[in-house]
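Visitor: Can you read through this structure? Questions will come right after.
The values are calculated or read from the model by the stated rules, or taken from the named source; none is laboratory data. None of these values were measured; they are calculated from a predicted model. Cβ placement follows ideal geometry from the backbone for every residue including glycine, while neighbour counts extend to all protein chains displayed. Heavy atoms of the whole protein, side chains included, go into the accessibility calculation; ligands, DNA and RNA do not. Shrake-Rupley method; radii C 1.70, N 1.55, O 1.52, S 1.80 Å.
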Amino acid sequence: MDENEWKMLVGTFCNNVQNPERMVRQRSLKELLEQIHRELLPSQAPLVFEGIYLHVLRCYADRFEMVRTLAITLIGEILDKLPANDFYLSYIVPAINHRLGQSEIIEESEEVRLILLEQLHAIIKKYADPDGNRGDPLLKSYDNIIDILVKTLRDPYPAAQKQSCEVVKLLAESTPSMHYRAEALVSPATTILRHRHFANRVASIEALGILALHVHSSSDCVTKVIVDISPLLMDSVPMVRMACGRVGCMMLVKLRDRYSLFHRILPLVLNCLTDDTSEVRDDILPRWIEAGELYYKENESELAKIRLIDKLPANYPLERYERPSLPCRAIVQRSLRIVNLVLYEMEEWKEDIRLHATKLLKLIILHAEKTFSTLFMEVNPVLCKACMDMDKQVAEEALEVARLCGILLDYDTWSRHALAEFKKFPTLGHLRCLNAMYQSSGLDRFKDLLKIAIILTDTEICHQLKPSYQLELINFSDILSIDYHRVHISNEIEGLANQSDQKQVEKLLYTVVIKVAAFSHEDAESVRERALEILSKLHSGEVEQLHDRHLADVCGSLENLESSNSDTAESIMLLAGLLSVCGFRLAYHDALKTALGTALKHAIPQGKIKLFSSISIAMLRWNRTMSTSADEQRLLLLSFIEDIIAPYLVWAAGRSAESIRSMATACLCSISQGTDNSIFVTILPNHLQILAGLVEDNSIATRAYSLRTLLAMGPLEADSFKLIAFAIVARLDDPSGEVRELAAKCLGCLQLTAGIAGEDNGSERAHCEETVLRPILSTMFLHLENPELKLRKAILDSLARLLIHHRELIKGLANEVAPGCPYKKDLDNILVHQ
């Protein structure tokens, strides 16, 4: 078509497009659109635009959506064929601004708003002049474009929001004047960061990153952008996290004032380097290296000298980490202000924030290396708290940070402060952190073996009762014992100055481990077994020798034994635990006995009961632990019973006294079972008078324990025989079935000494049998009628044993039993088979 034909067509269009009928306007727009698409030449486009633009742009405000859509499409189609002259922008952009940039929503259709933004995107792309070589044609329409974006970035339609972000990015690339009002777009773009669609969040992050590069008026605005983006480093979508890292790397390379903001930008990058998704890590790492290379070029004179002397630190964990490049390390080392932000977030109440902050700290230390030593004093309290975090992932990451500190930081710097802090605050976190740092440090640690061992023996540290703390403490002690052996064996490692220091370390480590084993003897079996395992390592499997060498000193060092301690007091628990774990041995018997005497004298009833319980358990192992002659054992036992047990066997009023008496009797019972019978029978006669009273005690437990003790009695003198025999037989009528059965068994153990049973003393024997045994046997016969099967069996067994020394007496009494008696047959069976 030539120009005249286009003029006629335009004239007809202008008449039709003003028609009040929607269909007429719609049809005219559609027909012209088709004509322009098919036949309009670029040279004819200005003529056509000049004739129709007023009428078409008026259709932007038409009340029918289809008309508005066709008008926008028509302008877009003709715009493609127009030359890049800013004259046309002065008409189109204000029309778009009128529909999109007002305080109220003028354009109600979401789809039309999106089409208008796409048209704006096409306009910016067509008139792009990034270097200003063509006079920056977008400058005249810049304010209108910014007004549009300020509104559309908050558009409720997600697609319009995303398209607005794309327009922002394109505008920044298309005009050198972006910095004039870039700050005005920051707040609207920030609102999209919380959008539920991840694509919108990614677009918003990218747009904010671009805007930050063009905000020249205030670094506070750039800081706000970084702060607003940072929470998305914990986004559930990897693409969002990757976008954060990309923006961070872009800022490190292109931001004008980037050096002063390194400490703000670095979290965006370093967090992505520890991301759980490999795609994120692989995408950000080369960008981070590129940023480092740029920094190296800008500071080559300084970094080139450092590169000449740069060496890999000893013990560097190359199997887990690749050492960062020198320029990347230099960026972090000049930006350690970032640590304050990290420490703040490590104490947040949200687990994911604490986890990301701890991972970030790990990466900072990997880059900062020895330079980080100056900050250890500030970091240590927070790191120790993180080591005992309730979230296992946070705690594990914190321990890894501690290991890196031990490897990369200056040993003298961190050890001096860490040990002082641990002594002040002996918490589980401080212990875990110290243990991790110590294990990963180099040979310098051996010089502090004695110092650390002394600290661990502090009662504030080794008297902690939590199983988790105890386990960590003995694990640390295990590492120290391994180092002790290395120093002891190797002449190349300098650690302990002389033989005296070596013995001192062994004693201190033994003290710590045996106390942990003692405290955990009741509740934490795994901790106790681990402690005993470490003791065997400490002296090549000879744990008994360690007990012999050092336990007396441990007993002598126990504190507060003179106080009114209960069963939960540290001193009582420790003493009871030592008894249960170590038992009685000759080397420390006197020290242990002294400690027990003091503790029992001052403790309240609950404390006394706990100690007697432990004594009874330890006495059961007397034969295995006490390796000395029988005579010496007899003297030791006599002294122990006289000084420790006997005072508490005497009757006293009250339920507490009754319970103590029961446990003291239990100790006698354990002695009867844990020692050789040949030793015990020589000790028992000294205490028969007390036992005779205990057999009749009000407490069932006391009566039972005393009768169990008498099961081990040997031959007795006549007076003792009479004393104890009548006390025992009286218990056949006891209310307790257990006591009745035990009494029946004890009667079978009654035996006169050889002097009474000899020929020269026949009259005395006959007198004893007549006055003592005969009534006892008669009572036993009488109780054979008892319906309790266990009691009857116990009586019959005892009669069978008594038959060995008193056959004639028992036979005579048995013959006197009437033939129809229910137990006659049982008596005859005993007489026949014995």
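Visitor: What is the one condition in (1) polar (S, T, N, Q); (2) in contact (Cβ under 8 Å) with a residue 40 or more places away in the chain; (3) open to solvent by 10 Å² or more (accessible area, probe 1.4 Å) that Thr191 does not satisfy?
Guide: (2)
Visitor: Of the residues Ser566, Ser536, Ser526, Ser500, only one is without any contact (Cβ under 8 Å) to a residue 60 or more places away in the chain, on the phi < 0 side of the Ramachandran plot, open to solvent by 10 Å² or more (accessible area, probe 1.4 Å) and not in a helix (DSSP H, G or I); which?
Guide: Ser566
Visitor: Go through the range 11-30 residue by residue and tally those that are among the aliphatic types (A, V, I, L, M) and either modelled with pLDDT under 85 or surrounded by 15 or more Cβ atoms within 10 Å (Cβ to Cβ) (or both).
Guide: Looking only at that region, the number is 2.
Visitor: Another question about this same structure. Applying the selection to the range 413-426, what residues are farther than 17 Å from Ala453 by Cα and open to solvent by 30 Å² or more (accessible area, probe 1.4 Å)?
Guide: The answer is Thr413, and nothing else.
Visitor: Which residues, taken from the range 224-236, are within 32 Å of the chain's Cα centre (by Cα) and either part of a helix (DSSP H, G or I) or at pLDDT 95 or above (or both)?
Guide: If the condition is that a residue be within 32 Å of the chain's Cα centre (by Cα) and either part of a helix (DSSP H, G or I) or at pLDDT 95 or above (or both), then Ile226, Val227, Asp228, Ile229, Ser230, Pro231, Leu232, Leu233, Met234 are the ones that fit.
Visitor: Please name all residue pairs, on different chains or six or more residues apart, with Cβ atoms under 8 Å, provided the first residue is in the range 99-119 and is without any contact (Cβ under 8 Å) to a residue 40 or more places away in the chain and the second residue is open to solvent by 50 Å² or more (accessible area, probe 1.4 Å) and part of a loop (DSSP other than H, G, I, E, B).
Guide: Short answer, once both residue conditions are applied: Arg99/Ile106.
Visitor: Taking the conditions exactly as written (polar (S, T, N, Q) and open to solvent by less than 30 Å² (accessible area, probe 1.4 Å)), does Ser204 satisfy them or not?
Guide: For Ser204, the condition - polar (S, T, N, Q) and open to solvent by less than 30 Å² (accessible area, probe 1.4 Å) - is met.
Visitor: Please list, ordered by first then second residue, the pairs with beta carbon atoms under 7 Å, 6 or more apart or interchain, first in the range 819-834 and closer than 17 Å to Arg801 by Cβ, second modelled with pLDDT under 70 and of a type in the set (Val, Ile, Thr).
Guide: Taking only residues 6 or more apart or on different chains, the pairs are Leu827/Val817.
Visitor: Any residue at all in the range 240-262 that's outside any helix (DSSP H, G or I), under 35 Å from the mean Cα position of the chain (by Cα) and not aliphatic (A, V, I, L, M)?
Guide: no
Visitor: Going through the range 766-799 one residue at a time, which ones are modelled with pLDDT under 80, open to solvent by less than 50 Å² (accessible area, probe 1.4 Å) and under 15 Å from Leu750 (Cα atoms)?
Guide: Passing the criteria: Cys768, Glu769, Val772, Leu773.
Visitor: Which one is modelled with the lowest pLDDT, of the residues in the range 74-112 that are more than 30 Å from Asn133 (Cβ to Cβ) and either open to solvent by less than 60 Å² (accessible area, probe 1.4 Å) or aliphatic (A, V, I, L, M) (or both)?
Guide: Taking the candidates together, the pick is Ile105.
Visitor: Working carefully through the options Leu450, Leu431, find the one that is open to solvent by less than 20 Å² (accessible area, probe 1.4 Å) and farther than 20 Å from Tyr316 by Cβ.
Guide: Exactly one residue qualifies, and that residue is Leu431.
Visitor: Kindly evaluate Gly11 against the criterion of being small (Gly, Ala, Ser), out of contact with any helix residue (DSSP H, G or I) (no Cβ under 6 Å at 6 or more places or on another chain) and not in a loop (DSSP other than H, G, I, E, B).
Guide: Considered against the rule, which asks whether it is small (Gly, Ala, Ser), out of contact with any helix residue (DSSP H, G or I) (no Cβ under 6 Å at 6 or more places or on another chain) and not in a loop (DSSP other than H, G, I, E, B), Gly11 comes out as yes.
Visitor: Of all residues in the range 726-740, which are closer than 15 Å to Lys790 by Cβ and either within 54 Å of the chain's Cα centre (by Cα) or aliphatic (A, V, I, L, M) (or both)?
Guide: Listed by number, the residues that qualify are Leu732, Ser736, Gly737, Glu738, Val739.
Visitor: Does Val487 satisfy the criteria of being at pLDDT below 85, assigned to a helix (DSSP H, G or I) and touching a Phe, Trp or Tyr at 6+ places or on another chain (Cβ under 7 Å)?
Guide: It is true that Val487 is at pLDDT below 85, assigned to a helix (DSSP H, G or I) and touching a Phe, Trp or Tyr at 6+ places or on another chain (Cβ under 7 Å).
Visitor: Moving on to the next point. Kindly list the number of the only condition in (1) at pLDDT 90 or above; (2) open to solvent by 10 Å² or more (accessible area, probe 1.4 Å) that fails for Glu559.
Guide: Among (1) at pLDDT 90 or above; (2) open to solvent by 10 Å² or more (accessible area, probe 1.4 Å), the lone unmet condition for Glu559 is (1).
Visitor: On to the next question. When you scan the range 364-378, how many residues do you find that are surrounded by fewer than 18 Cβ atoms within 10 Å (Cβ to Cβ), free of Cβ contacts under 8 Å to residues at least 40 places away in the same chain and over 25 Å from the mean Cα position of the chain (by Cα)?
Guide: Count: 1.
Visitor: Something else about it: For the range 178-188, what are the residues that are open to solvent by 10 Å² or more (accessible area, probe 1.4 Å) and either within 22 Å of Pro137 (Cα to Cα) or not hydroxyl-bearing (Ser, Thr, Tyr) (or both)?
Guide: Once the filter is applied, which keeps residues that are open to solvent by 10 Å² or more (accessible area, probe 1.4 Å) and either within 22 Å of Pro137 (Cα to Cα) or not hydroxyl-bearing (Ser, Thr, Tyr) (or both), the range 178-188 yields His179, Tyr180, Arg181, Glu183, Ala184.
Visitor: Still on this structure, I have one more. Of everything in the range 586-645, what is within 16 Å of Gly674 (Cα to Cα), touching a helix residue (DSSP H, G or I) at 6+ places or on another chain (Cβ under 9 Å), open to solvent by 30 Å² or more (accessible area, probe 1.4 Å) and outside any helix (DSSP H, G or I)? Give them in sequence order.
Guide: Hits for the range 586-645 are Leu620, Arg621, Ser627, Thr628.
Visitor: Restricting to the range 150-162, give me the number of residues that are part of a helix (DSSP H, G or I) and over 18 Å from Met178 (Cα atoms).
Guide: Looking only at that region, the number is 5.
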